[in-house]
Amino acid sequence: MESRTIKASLIILIALLLVLPLTYFFLQFIPQRIDYQVLIFLYEFVKFVYNKRILKVFAKTFFLGVSVSLFSLIVGFIPAYFLEFRSFRLKNFIRASLFIPFLIPPYLFVFSWLGFLGKRGLFSQIHFLNLSIDIYNPLALIFFLSLSFFPVSMLFISLGFRNITKKILNPIKIFNEKGFWKITLLLLKPYLLISFFVTLSLFFSEYIVPSYLRINTYQSEIFVQLATFYDVRKASFLTLPLVIFSLIVAILSFKVCKIKTEIPDKKFVPPHLIRREKVFFYSFTVIVLVLSLIIPLSVFLAESKLDVLNPLLETKGIFFTSVLFSTLISFSTTFLSNVILFYLRSSQKFVNFLLFFTLLMPTPVLGVVLTTFFSAIKLNGTVLPLIDGYVIKFLPFSLLFMMPEYGKVTKSLESSIRIFSRGSLISFFKIVLPIVKEGFFFSLITIFILCFGEASLAQLLLPPGLQTISLRMETLLHYGNYQAVASLSLSTVFIPLALYSLYALFKGVKR
Amino acid sequence: MSYYITLHDVRKKFGKIEVLKGLSLNVKKGEIIGLFGPSGSGKSTILNLIAGLERPDGGRITLRNTTVASDNVFVSPEERNVSMVFQDLGLWPHMTVEEHLKFVSDDRRLISVVLKQLGLEKKKDRLPEELSGGERQRVSIARALTKPSDILLLDEPFSFLDLKLRERVKKTIKDYKKKNESTVVIVSHSVFDFIDLCDRVAILKDGKISKIEKPRELLLEFQKFYYRKPKR
Ligand SMILES: Nc1ncnc2c1ncn2[C@@H]1O[C@H](COP(=O)(O)OP(=O)(O)OP(=O)(O)O)[C@@H](O)[C@H]1O
Ligand SMILES: [Mg+2]
């Protein structure tokens, strides 16, 4: 009885957070009365919104997005393969380090690269020839965003590789050694597709970076309509294709791909790297880490002039707000995903759909949908839309981190909990939580970091009067106060990340 | 005569496959009843239905003369207060042997007695993954015997045990039954396990109980089956 109440409240909560705003969003496109004049007006309006320029921008954006997705797919594929099918030292550490680029806010990432290659750049100073490279072009955008998104592709491809267990591999070895890639790619296809679409959606979420590089994108058009002209209606119309896109892809993904939640085979020890692989994999890892971590870090160190404390002290209040807010978000999101996975596990399909749908919803969509909804119920200007937005935005990641953990909570284990339980809460804390705790902490930390550095959604939904550290950095960037940005990045992004990788290193040593 | 566990016209489907097709079974108080039938015939399903881990698609189940499952009643496993050994054990991977028992009961004396009876005292600080198959099975049995209940369900509790251990475990189960005045349902593939444990054996066929016999009769039938001359 108790668990049924929890289930019901959970469904209601999801409806309130996600379904209701979306329904409202769709409803506003249906004219209140349908007559000749209204239809004419609507027609004119649609023609006005989707004009030639917009369509051109859309095509360009789409092309850029596809390129970014393809590149991050390729870059993510290589480490995923080695991490799942080869043994080597410091595996956990390398896995964690390769995930870090995703945790650095893309705008800071690009900022650092501008500091490296651009006019103010260290690079141009090192070379006396004044060799500043023009990076205000689409190629640079593809390069930066692929480097920033590839960890997500890596994550998905790893999940796909985990389907290819010893049970599948052993017969291949016996019957057809060369069949490995044929079977692997076949089993991997859905995961490759999803990874592709998820990075595409991440690309559509990103409007700060393109605008730095002076590239006009579809998402910036939405942003301009919403945040500069306050034209919610036009923004809604521009958002509509993205919503429909994410719905369709979510349905497709849901159809073709099941995120496996089986226990990884602990006894499966993959073979060690052979010499040639060693050279390739280590150089690959070093190159990627230099490009995505070492260079940004050095630029931040140099530009901050090592003054880490003062800018932080100046923004003390904002810093604490951010810490508090991110803690709140990371706890509530992780908690929600755990409750969902535990209490709705019998509705695996629903959970999968929720995962894909939230994962594929680009940030501008969230911004527009939640703005319209919360304006309608007169709660805009509060912090609620932002909380809602962040929970929806980060929920899929938490679900992704937790799902494999809940694979360990098998049916028979769960039955024994029910027979021998002494209250549902005790069981949860004494049995379920200890079993899933690694994923739980990982989710807490990761979402904290993601939320701390997030600026796109904050820019759309933050109520007046409130500031977060990420937005603060964005503003400082606008005014060209590079030193402050660099030192704030160091203290707020790199120190947590350093702790995070130390943790991974420690865990790697212990095992 | 009132029964302690009854299943009346119980139906259970998994997807399109109908596993139980109107099965009825009555168990008297204090009785030990065996369930016998080919693999996949639905023995575990029956235990799960009695424990409340599955819901029947039709029919009625009563425990201690109260309906616990019917068209409009369903009592959750937490409220049925039964003890159980699972076919796939269902141990908790992060808990040691002793912690398993402590989770079930606060009675330290009982815990140490059960550990001793099942020969697990020396292994009490180990995790399930550090145990052999038979040891794990004994942990699962120990956990069940630590929870005092008047209904005990055993799903192939001896499958990983050698003959000597079987005898020891059977004795422990009998002690438990006496102490708690329990009614016991036990599933096994071995006729010999029924001989010295069960009062009656129910034989499952085509989703129903095809007959109920004394264990000796079942053994005789078996002997006939195995010792008849092969036809040429
Ligand atoms: N959760 C489930 N989902 C789908 N089918 C199931 C499920 N549980 C059991 N079945 C099916 O129901 C049938 C009966 O299963 P059950 O486990 O009760 O058999 P059993 O008699 O205990 O067999 P065994 O002796 O092999 O343990 C089997 O065909 C099985 O495939
Ligand atoms: Mg069974």
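The values are calculated or read from the model by the stated rules, or taken from the named source; none is laboratory data. It should be emphasised that the depicted structure is a prediction, and the values quoted were computed from it without experimental measurement. Every residue, glycine as well, gets a Cβ built from its backbone with ideal geometry; the counts of neighbours run over all protein chains shown.
Of note:
- Check on residue B:159, surrounded by 23 or more Cβ atoms within 10 Å (Cβ to Cβ) and not basic (Lys, Arg): no
- Counted residues, the range A:414-432 - those being more than 8 Å from every other protein chain (Cβ to nearest Cβ) and in contact (Cβ under 8 Å) with a residue 24 or more places away in the chain: 2
- Leading residue by the ranking (nearest to the other protein chains (Cβ to nearest Cβ)) among those in the range A:368-413 that are closer than 15 Å to residue A:17 by Cβ and of a type in the set (Gly, Ala, Ser): A:398
- Near pairs, Cβ below 9 angstrom, 6+ apart or cross-chain, from the range B:140-163 (within 12 Å of another protein chain (Cβ to nearest Cβ) and in a helix (DSSP H, G or I)) to any residue that is small (Gly, Ala, Ser) and more than 14 Å from ligand 2 (Cβ to nearest atom): B:140/A:416; B:143/A:416; B:143/B:83; B:144/B:83; B:145/B:83; B:146/B:83; B:146/B:105
- Some residue of the range B:2-14 being away from chain A (no Cβ under 12 Å), loosely packed, with under 15 Cβ neighbours inside 10 Å, at pLDDT 90 or above and more than 15 Å from ligand 2 (Cβ to nearest atom): yes
- Residues that are among the charged types (D, E, K, R) and within 16 Å of ligand 2 (Cβ to nearest atom) within the range B:15-68 comprise B:43, B:54, listed in sequence order.
- From the options B:80, B:109, B:64, B:60, residue that is surrounded by fewer than 16 Cβ atoms within 10 Å (Cβ to Cβ), in contact (Cβ under 8 Å) with a residue 24 or more places away in the chain and more than 16 Å from ligand 1 (Cβ to nearest atom): B:64
- Taken over the range B:20-31, the criterion of being surrounded by fewer than 21 Cβ atoms within 10 Å (Cβ to Cβ) and within 19 Å of residue B:186 (Cα to Cα) is satisfied by B:24, B:26, B:28, B:29, B:30, B:31.
- Qualifying residue in the range B:175-184 (condition: within 16 Å of ligand 1 (Cβ to nearest atom), assigned to a loop (DSSP other than H, G, I, E, B) and under 25 Å from residue B:45 (Cα atoms)): no
- For the range B:27-49, a tally of residues being without any contact (Cβ under 8 Å) to a residue 60 or more places away in the chain, part of a loop (DSSP other than H, G, I, E, B) and more than 9 Å from ligand 1 (Cβ to nearest atom) returns 0.
- Conditions (1) in contact (Cβ under 8 Å) with a residue 60 or more places away in the chain; (2) away from every other protein chain (no Cβ under 14 Å); (3) outside any helix (DSSP H, G or I): number failed by residue A:483: (3)
- Members of the range A:1-45 that are out of contact with any Ser or Thr (no Cβ under 7 Å at 6 or more places or on another chain), surrounded by 13 or more Cβ atoms within 10 Å (Cβ to Cβ) and over 21 Å from residue A:379 (Cβ atoms): A:6, A:7, A:10, A:11, A:42, A:45
- So residue A:373, is it within 25 Å of residue A:204 (Cβ to Cβ), at pLDDT below 90 and more than 16 Å from ligand 2 (Cβ to nearest atom): no
- Listing of helices (runs of 4 or more DSSP H) fully contained in the range A:343-414 that carry 3 or more residues being among the β-branched types (Val, Ile, Thr): A:363-376, A:384-406
- Selection status of residue B:23, part of a strand (DSSP E or B), away from chain A (no Cβ under 14 Å) and over 18 Å from residue B:151 (Cα atoms): yes
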